[in-house]
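Remarks on the structure that follows.
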Amino acid sequence: MSTCDLHIHSRYSARSEEWLFRRFDFPDSYSDPKDLRERLAGLGMDYVTITDHDTIDGCLQILELPRVFISEQVTTYFPQDPCKVHLLVWGISEQQHRDIIDVRDNIFELQRYLQTAQIAHAVAHPLYSINGKLAASHLERLILLFKHFEAVNGLRDALLSELAQTLFTQLTPDKIDIFSERHNLAPTHTEPWKKIFVGGSDDHGGQFIASAYTETPPADSVEEFLAHIRSGACSARGQGGNPLALSHSFYNTVACYIQDRFHKGLGGPSATLLEQMFSRFMEGRDPTEFTLKEKIGFIVQGVLSGKIFELAKPANRSLWKELSG
């Protein structure tokens, strides 16, 4: 059998969907592409790819290595609809990436392009609402539009993976007819009630890579492996995630970012205070409540570092207030 983690992020996934990450301009991941490739191979993955958000830069860093192919996670929308949808797109060229950019804002145009170009693709974490806008009507249209779905996501709660598999295996021709009539939308593929499942870790922090993956019959080349995916000769393996895995992934990214940027750039009380506040946030505690001892410690650090007045800057006061909210 041949295997590949078909959903994984590197430090080139620059723009996060999480509000806290966006506020501080944190990247969505801090993983190095070459390190990911080595570790994935060490974990038994026969093929390696990276699905960064709307970019192929991470893949290009390792493209010269054997059994690597270009992929990305594409953000798309239904026309005049704020609901975000993520599609995993595998085995593309640099020109195809540019073509995808031109059509990705319209999910119908994007689907037609991917189908016409015979590009392997799937709906990522289909039951996870990326920006809180996902409704049953969106899911019904996704069922009509796409054949492949991510049935095991190693980051999101395993319940979502289990529910997705149950939902898609219980589709029937009658249900498809109801969806098609309701949305005035014809299915784009034959036997739309039969879905093809893939799996990926959706790892952002480098801690859970290959926790979920896709398995195909033995493939001697990238082209043969992707052909198995397109034809449906594949299955989702591994396990879904849990809240602890999700929080560990986020925390690892932020910890790397703080160490790389805040300690080097700011030092002193700002970096320490940010670390403390984020730790409290992730633990479910009020990020702005500190003991007298902790407050004195921040002041002492500020005096010793010569940066005591940083905390009083208008920009920092605004930032702490927003984080508290």
Q.
Is it the case, given these coordinates, that Phe21 is part of a helix (DSSP H, G or I) and at pLDDT below 95?
A. yes
Q: All but one of (1) touching a Phe, Trp or Tyr at 6+ places or on another chain (Cβ under 7 Å); (2) assigned to a helix (DSSP H, G or I); (3) surrounded by fewer than 21 Cβ atoms within 10 Å (Cβ to Cβ) hold for Thr55, so report the exception by its number.
A: (2)
Q) Do you know which residues across the stretch 125-137 are polar (S, T, N, Q) and open to solvent by less than 50 Å² (accessible area, probe 1.4 Å)? A) Ser129, Ser137
Q. Within the stretch 116-132, how many residues turn out to be among the hydrophobic types (A, V, I, L, M, F, W, C) and modelled with pLDDT under 95?
A. 2
**Q.** Residues of the stretch 58-84 satisfying the condition of being open to solvent by less than 60 Å² (accessible area, probe 1.4 Å), under 15 Å from Asn131 (Cβ atoms) and assigned to a loop (DSSP other than H, G, I, E, B)
**A.** Phe78, Asp81, Cys83
Q) Quick one: in the stretch 82-104, which of the residues that are modelled with pLDDT under 95 and touching a Ser or Thr at 6+ places or on another chain (Cβ under 9 Å) is nearest to Phe225 (Cα to Cα)? A) Lys84
Q: Answer yes or no as to whether Ala227 is of a type outside the set (Asp, Glu), open to solvent by 30 Å² or more (accessible area, probe 1.4 Å) and modelled with pLDDT of 95 or more.
A: yes
(Q) Name the residue that is farthest from Val85 (Cα to Cα), counting only residues in the stretch 138-164 that are open to solvent by 40 Å² or more (accessible area, probe 1.4 Å) and at pLDDT 95 or above. (A) Lys147
Q: Select from the stretch 208-224 the residues that are under 13 Å from Asp5 (Cβ atoms) and open to solvent by 40 Å² or more (accessible area, probe 1.4 Å) and list them in ascending order.
A: Phe208, Tyr213
Q: Give the number of residues within the stretch 111-124 that are open to solvent by 30 Å² or more (accessible area, probe 1.4 Å), part of a loop (DSSP other than H, G, I, E, B) and under 22 Å from Gln165 (Cα atoms).
A: 0
(Q) Within the stretch 209-216, does at least one residue satisfy the condition of being over 19 Å from the mean Cα position of the chain (by Cα) and closer than 26 Å to Gly58 by Cα? (A) yes
Q: Please tell me if Pro187 is open to solvent by less than 30 Å² (accessible area, probe 1.4 Å) and closer than 22 Å to Glu109 by Cα.
A: no
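The values are calculated or read from the model by the stated rules, or taken from the named source; none is laboratory data. A quick note: this is a predicted structure, and the numbers were derived from the prediction, not measured. Because the Cβ atoms are built from the backbone with ideal geometry, glycine has one as well, and the counts that use them run over all protein chains shown. Just so you know, the surface numbers come from the protein's heavy atoms only, side chains and all, with ligands and any DNA or RNA stripped out. Shrake-Rupley method; radii C 1.70, N 1.55, O 1.52, S 1.80 Å.
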